[in-house]
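Read the figures in this text as sums done on the coordinates, not as results from a lab. Keep in mind it's a predicted model, so treat the numbers as computed, not measured. Virtual Cβ from ideal backbone geometry, glycine too; neighbours counted across all protein chains shown.
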Amino acid sequence: MDEMKKNGPGPGPGEDDGPPPIEFMYRGIPKLDCAPVPENGVLEADVVEVGCGGSGIPAAVSAFENGTKRDAIIEKQKRAGGNSVMARGLFACESSVLRQAMVKSDKDEIFTNAMNWHHYSCVNGWVLRAWINQSGNTIDWLRKRDVEFEVNTTTRMTYDIAPHWHCVKDSTMATPMAHLVEELIARGAQFFTETMVDELLTENGAVVGVKASHAGAQFEIHAPSVILASGGFLANTEMVKRFYPDYDEENFGGYKAPNMGESVTMAESVGANLERDIMLIKEGCASSDCAPRTLSEFGREPYLMWVNKKGRRYVDETVGSILQIAINAMLNQPEKASYVIFDEGTMHRMMDLGMELSKGDNFRGVPIPDLKEQFARAAEKAPTECAICDTVEELANWIGCKPEVLQDELNRYNGYCEHGYDEDFNKPRKYLAPCHVGPFYGIRHRAIAVDTCGPIRVTEKMEVIDQNWDPISGLYAAGSTTAGWQSNDYCGAYIFGGAMSYAINSGRIAGRSAAKYAVK
């Protein structure tokens, strides 16, 4: 999710949230008119890309680069770009940008660390390796198209993460997508917007095109290669629960792209091999979708104290530095509920010194003298999400726990702060800040679900495989709809910005593979 947060100048954490204007989100991406539906109901093409977002667009460009002449791109929305327009940047290693910044970057080390991070579970080493190996080249591929990137010490999640997150300078990933769409227009690609793919066409076990519909008119596109790149299916609750049984909408907020898992349905219809479970890209330390951004900025500060619904502390709070791990601890609590609490002393500490782990550069390490007023406004706007309490008893009542339990937990924690040693969870001494001076502040921790990963199994060439683990001729997939590039926890400390990076790189690989097959 962090690649979807703007890290530079912008709205302060105390300002009201709200979706940015459409033209701002899709900055520079040309508006597209749907290509005419063929009069005879049939169109011939070399490659069909299903989806015109972070994977489909690079796939189409890559296909043209590798010899195709007739590409048809189908998008159910009015605009190209998909979720990519919300991303600020993407992971890459051994890029020219990193070399210029003198940042150590070794693809072998990153690959090994990533495999260890995922405990070799649900990760296809061939797929992961293909993505990592190409990532640096993709940055140069985009730079040749006049996209400027910046890498610095602020483009990372915490202190011990190397800055491999390549952020688009003064913009978002909408800018490179705009350049690529313009290139596709110049190359003569045909865009079918507000168009749905109804089914895949097959012949003798091979995929040979699609059947689509636009404004009530059905037509077919015959092509030797089809690339499924329509994104995940977070908006399809039934499908999410099928592949992620623990999913509960009440416990997960966050923007849900209108993706319903069309690629999964189509792949399954032709016998694709699907993972039993998906990985949900999720993170913790967030506030309600309806609450001010202030609360999400507060949530992961290491000086704070976390308690569950029973008023018991349950983790070393510095886990908030990596949100994909923090969420696991939070979801393991009673009713999956978690609360952040701190006192007046910690409030003044942050007012004087700024926040330590805020996602915004303009709040991290910068004094915020009106922070208390910002929090008061947040409590007034979202009283179920945060509170200012004069007493511990009042704070306990807001949480819904027994006052004596919360008081005992505070006494225990404050004792650790006094002696400089956390006997329970070994929280680093420097972050042991007591919580004993009223008023007391509370924040309801929330979880965010960003996207789904999987379940379509693919080879390192992005070929969709069948039940016998053999490629299905003519069928490819890219982006979050595929499996093998993530396991239970998203990206970790080694591939920050991974979702956008994998989308583009898997798209490029799929386009290259599909083009070579089509040209043959």
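Please state the relative contact order of segment 333-401 as a whole percent: Cα pairs under 8 Å, 6+ residues apart?
Relative contact order for segment 333-401 comes out at 20 percent.
Determine, for each peptide in 137-149, 46-58, 283-295, the mean count of other beta carbons within 10 angstrom over its residues, then list the peptides with the highest first.
Details: 137-149: 17.2, 46-58: 30.8, 283-295: 22.3.
Highest-to-lowest ranking by the protection proxy: 46-58, 283-295, 137-149.
Counting each DSSP H run of 4 or more residues in the chain as -39500 (n - 2.57), what helix-only mean residue ellipticity at 222 nm follows after dividing by all residues, to the nearest 500 deg cm²/dmol?
That comes out to -9500 deg cm²/dmol.
Taking the alpha-carbon distance from residue 241 and a cut-off under 15 Å, which aspartates and glutamates remain once sequence neighbours fewer than 8 residues away in the same chain are dropped?
249, 250, 275, 277, 451
Highest mean first, what order results for 123-133, 172-182 on Cβ atoms within 10 Å?
172-182, 123-133
Rounded to the nearest whole Å³, what is the per residue volume of the convex hull around the Cα atoms of segment 422-468?
Convex hull of Cα atoms, per residue: 225 Å³.
Tell me, what HN-Hα J-couplings in whole Hz come from the Karplus equation 6.51 cos²θ - 1.76 cosθ + 1.60 at θ = phi - 60° for each residue of segment 467-474, using x for Gly and Pro?
So the J values, rounded to whole Hz, are 5, 8, 6, 10, x, 7, 4, x.
Along the principal axes of its C-alpha atoms, what lengths does segment 180-229 span, in descending order and rounded to whole Å?
Result for segment 180-229: principal-axis Cα extents of 36, 25, 17 Å.
Which Rg and Dmax, in Å, describe the Cα atoms of segment 57-164?
Calculated on Cα positions, Rg and Dmax stand at 16.2, 48 Å.
Each residue of segment 130-143 in order: what ³J(HN,Hα) in whole Hz does its phi give by Karplus 6.51 cos²θ - 1.76 cosθ + 1.60, θ = phi - 60°, with x for Gly and Pro?
4, 5, 4, 4, 8, 4, x, 4, 5, 4, 5, 4, 7, 5
Rg over Rh of segment 377-474, using C-alpha atoms and the Kirkwood radius, what does it come to?
Numbers: Rg = 24.0 Å, Rh = 17.9 Å.
Dividing the radius of gyration by the Kirkwood radius yields 1.34.
Of 169/359; 310/336; 309/427; 76/359; 256/336; 69/211, which ones are farther than 23 Å apart at the Cα?
Pairs exceeding the cut-off: 76/359.
Kirkwood hydrodynamic radius, the chain, all distinct C-alpha pairs: what's the number in Å?
About 24.0 Å, per the Kirkwood formula over Cα pairs.
Going by average Cβ density within 10 Å per residue, which order do the peptides 371-380, 59-68, 334-343, 113-122 take, highest to lowest?
Ranked from most to least packed, the peptides come out as 59-68, 334-343, 371-380, 113-122.
What is the set of long-range amide H partners of residue 279 at a cut-off below 5 Å, with H atoms built 1.01 Å from backbone N?
Counting only residues 5 or more places away or on other chains, the set is 453.
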